[in-house]
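Everything below concerns the one structure shown next.
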Amino acid sequence: MYDRYQGLIFDMDGTILDTEPTHHKAWQQVLGRYGLHYDGAKMAGLNGSPTWYIAQVILDGSGVEMDPHALATEKTALVQEMLLDSVTPLPLIEVVKAYRGRRPMALGTGSEHQMAERLLRHLGLREYFDAVVGADDVQRHKPYPDTFLRCAELIAVAPQHCVVFEDADFGIQAAQRANMAVVDVRTL
C-alpha cells in the first residue's frame, strides 16, 4: 500500500505504541502533588509536543509559578517507572513489520530519544528502525518540520519521497511543512 514511498517515518506515542494511558496517569499523579488538574481532552491537542512544552501550557493556565522543565522532569521520571510495565504495540506496527528490509524507516517522536530507544528495545522493535529522532535531538519541535526532516536525512531519503504516520495535529502539520505525505492514523 505504501510502496510508492522510498522512506517511511513513524511517530511513536499513540501511533505505533499505546503509551497514552500511561502518560495521562503520570500527568494526573504529578499534577495532583501541586493541586493542579490535567484535562486529557484539552491536552490531546498537544500530543506530539515535548513534555516541557505541555508542562508550560498546563502551568500557564493554572496561575501557579513553577519551572515547566522541573515539572516535566518529574512527569518523565514517573512515566519511565510505569511505562515498561504497561506499553503495548498498536495495530500500525504491522506496517512497520511488513516494510522491514523493504524501505528505510525512522521513528520521529516528541518523547526523549533515550525513552524511545528504551521502549523499542523493551518490545523487541528497535531493529525495525534505521533511525530514531527524539525531542532532544532537534531545536524546534512539532509542528515545525525539524523532527521529520532529521529522520529523512538519517535514512537518506528526500523529504518529498517520505510518508509520515501520525496521530496528532502538530505532527501532521510538521509532516506537511516538511513536504512529506502524511497518514493520519486516527482515520485508519
Name the residues whose placed amide hydrogens come within less than 5 Å of the amide hydrogen of Phe10, ignoring near sequence neighbours (fewer than 5 apart) on the same chain. Ala106, Leu107, Gly108, Phe165
Note on the range 64-152: contact order normalised by length, alpha-carbon pairs under 8 Å, 6 or more apart, percent, works out to 26 percent
Rounded to two decimals, the Debye log10 I(q)/I(0) of the chain (Cα scatterers, no solvent) at q = 0.15 Å⁻¹ is -0.83
In the range 24-132, if the dipole is taken from +1 on Lys/Arg beta carbons and -1 on Asp/Glu beta carbons about the Cα centre, which of Leu84, Val95, Gly48 is farthest to the positive end? Val95
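Please tell me the relative contact order of the chain in percent, rounded to the nearest whole number, where contacts are Cα pairs under 8 Å and at least six residues apart.
29 percent
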If contacts are Cα pairs under 8 angstrom and at least 6 residues apart, what is the relative contact order of the range 19-83 in percent? 41 percent
Taking the range 19-83, how much of its Cα-Cα pair set, in percent, is spaced more than 20 angstrom apart? 14 percent
Descending packing, highest mean Cβ count within 10 Å first, for 82-92, 24-34 is 24-34, 82-92
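Where does the chain land at 222 nm, in deg cm²/dmol rounded to the nearest 500, when only DSSP H runs of n ≥ 4 count, each adding -39500 (n - 2.57), divided by all residues? Intermediate values should be presented prior to the final figure.
Values: 8 runs with 82 residues, N = 188.
Taking each H run of at least 4 residues, the total per residue is -13000 deg cm²/dmol.
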Using R₀ = 41 Å, calculate the FRET efficiency as 1/(1 + (r/R₀)^6) where r is the Cβ-Cβ separation of Asn179 and Gln28; round to 0.05. 0.60
Note to self: C-alpha centroids of the range 126-188 and the range 1-49 sit apart, in Å, by 15 Å
Compute, for the chain, the length of the dipole vector about the Cα centre, with Cβ point charges of +1 (Lys, Arg) and -1 (Asp, Glu) only. Units Debye, rounded to 20. 440 debye
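Just so you know, all these numbers are worked out from the coordinates, no wet-lab data involved. Please read these numbers as outputs of a predicted model, since none were measured by experiment. Here Cβ is always computed from backbone atoms with ideal geometry, including for glycine, and neighbour counts include all displayed protein chains.
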